[in-house]
Structure formats: structure tokens, C-alpha cells
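The values are calculated or read from the model by the stated rules, or taken from the named source; none is laboratory data. No experiment lies behind these values; they were computed from the predicted model shown. Backbone-built Cβ (ideal geometry, glycine too); neighbour counts: all protein chains shown. Note: areas computed on protein heavy atoms with side chains; ligands, DNA, RNA excluded. Shrake-Rupley method; radii C 1.70, N 1.55, O 1.52, S 1.80 Å.
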Amino acid sequence: MKKIKILFFCVALVAMFDGYSQVLSGKVTYKIQLADNGVDIKNSPDREFIEATREIANKQTATLKFNRTQSSFILDQYLIADAEDSGLRKFARSMAFIQTVLNDYFFDKTTNTAVQRKENGQLLEIENKKLEWEITVESKKIDNYLCYKAIYLNKFINRRGKGVSIPITAWFAPSLPYSYGPKYFNGLPGLILELQDRETTFLASSISISNIEELKIDFPKGRTIPKEEYEKKMEAQGNR
């Protein structure tokens, strides 16, 4: 019975999604929250570095821009104090980027490809894979938008050669039927307003939708290399 209810629910969402195909573009700003997971760092020799990383991470915002066929998700730049651009805090700033966003993301529906821009500016080209979301009937309101919970199991092989499965939780709004979200998480019948990716939570703080003018998505210019080639190169350098 539960499966039947979820099936009807998904059909209703798809019908709603098809009814809003005239929107040209949108822009969403997300606040970023890096959780501490209850880990006690009081006596840790890395306490200052960990605290600085969390502090900097929680100052960050990221912006999703999209039109009918393309999207970008980029970490916003904020004013950096001189003390934050040197020594320990400079390393903490890089770690905050790695732990929260990791890359800037650009997606093209027409070619089903995505480009990731690393912190060092390197451009990686990847084939955009379809994410297998499990949509639930659990709901809550985010900024007056009724949102439903969806879960994606991110499966990969870690450096030890062991299979790992990490649950990614998204809250999407069917009344905003645009299949985009933070990072590379997309494909739901509604805009993702909240996403939990391990210790990082992205929460929409500003939403702007336009059916008048289509927003241009600026893909980064430069040489791109396949992600697999880049990873092999990094692995070879690490083994030297």
C-alpha cells in the first residue's frame, strides 16, 4: 500500500512539473553549514585549524543559476581579511572549500555533460549520470514552500578499495518544478531548497525566478580534461 501511495505521489509531481515548463531561468543563493558531528576537539592538536575551517565554511554562500538547458553552481566570493589570507587561516580557507563545495559545477542538459572547476582552476569534463532518487512522502516547509524528502545513495569505492554508500538527503519543492540543486545533485521534480551532503548542509536563503528573460550561463573557458584522466594523474603523482 505504501508503494502505491508513493507511486501516485510521484505521478502527481511529474504532472505538476510538466505544467511549469515556461519558466526561462532562476537564481538561488544557499547558505552553507558545516556540522561538527559532536566531535570533541578540545584536546586535539589541530583544534585551531578545525575551528578556523568551520568558521570560514559557515561564512560561505553558493549560488545556483539555471535556464531551460544549463546550470551553474559556484561558491560566492566574500571579503577576505588580511589575517585570513595567510598562515593557518589560508589553509583553513582551502579546507573549507574542499569540505563543503569541492568544485564549481556547470551542467548542460542538451549534451548531458558537466564541467567541474577545481580550486586551482583545472577544468574536468564528466558525463552527467542520472541519479536514482528515492522520493518519500515525508514533508516540511522551507521558507513557506512545501518540500518533500528524497534520498540518493552515493556509492563509490574508497582509497582502500572498499565499497561505500553515503546517503544524500534533499528537500525539494514541487511548486518550484525545476530539476536543479546544489553541486551536481539534480533530476528531482522540483528545485532542491535544502541538501545534506555528509557534514555539509546547503539551505536556500534567496530564490529568484523569471519567465521574462533567460539567464545566460557562463561556462568556464579553457582546456578541459576527462575526470578519469585527472584522477589517474593525481594518483600517479601521489605514488612518487
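General observations
- Filtered residues of region 99-116 (kept if loosely packed, with under 14 Cβ neighbours inside 10 Å and closer than 23 Å to Tyr230 by Cα): Thr111, Asn112
- One residue alone among Glu119, Glu138, Glu132 is among the charged types (D, E, K, R), in contact with a helix residue (DSSP H, G or I) (Cβ under 7 Å, 6 or more places away or on another chain) and open to solvent by 30 Å² or more (accessible area, probe 1.4 Å), and that residue is Glu119.
- Failed item in (1) crowded, with 19+ Cβ neighbours inside 10 Å; (2) modelled with pLDDT of 90 or more; (3) part of a loop (DSSP other than H, G, I, E, B), with Ala150 passing the rest: (3)
- Matching residues in region 208-231 - criterion: being closer than 28 Å to Ser175 by Cβ and basic (Lys, Arg): Lys216
The rows are residues; the columns are (1) farther than 20 Å from Ile126 by Cβ; (2) out of contact with any helix residue (DSSP H, G or I) (no Cβ under 6 Å at 6 or more places or on another chain); (3) open to solvent by 50 Å² or more (accessible area, probe 1.4 Å).
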{"residue": "Phe156", "(1), (2), (3)": "no, yes, yes"}
{"residue": "Gly163", "(1), (2), (3)": "yes, yes, yes"}
{"residue": "Phe172", "(1), (2), (3)": "yes, yes, no"}
{"residue": "Lys183", "(1), (2), (3)": "no, yes, no"}
{"residue": "Ser206", "(1), (2), (3)": "yes, yes, yes"}
{"residue": "Arg223", "(1), (2), (3)": "no, yes, yes"}
{"residue": "Lys233", "(1), (2), (3)": "no, yes, yes"}
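- Matching entry among Leu124, Leu102 (being touching a strand residue (DSSP E or B) at 6+ places or on another chain (Cβ under 9 Å), part of a loop (DSSP other than H, G, I, E, B) and in contact (Cβ under 8 Å) with a residue 60 or more places away in the chain): Leu102
- Residue in region 59-76 that is polar (S, T, N, Q), surrounded by fewer than 16 Cβ atoms within 10 Å (Cβ to Cβ) and modelled with pLDDT under 85 present: no
- Residues that are open to solvent by 50 Å² or more (accessible area, probe 1.4 Å) and modelled with pLDDT under 75, drawn from region 21-48: Ser21, Gln22, Asp36, Asn37, Gly38, Val39, Asp40, Lys42, Asn43, Pro45, Asp46
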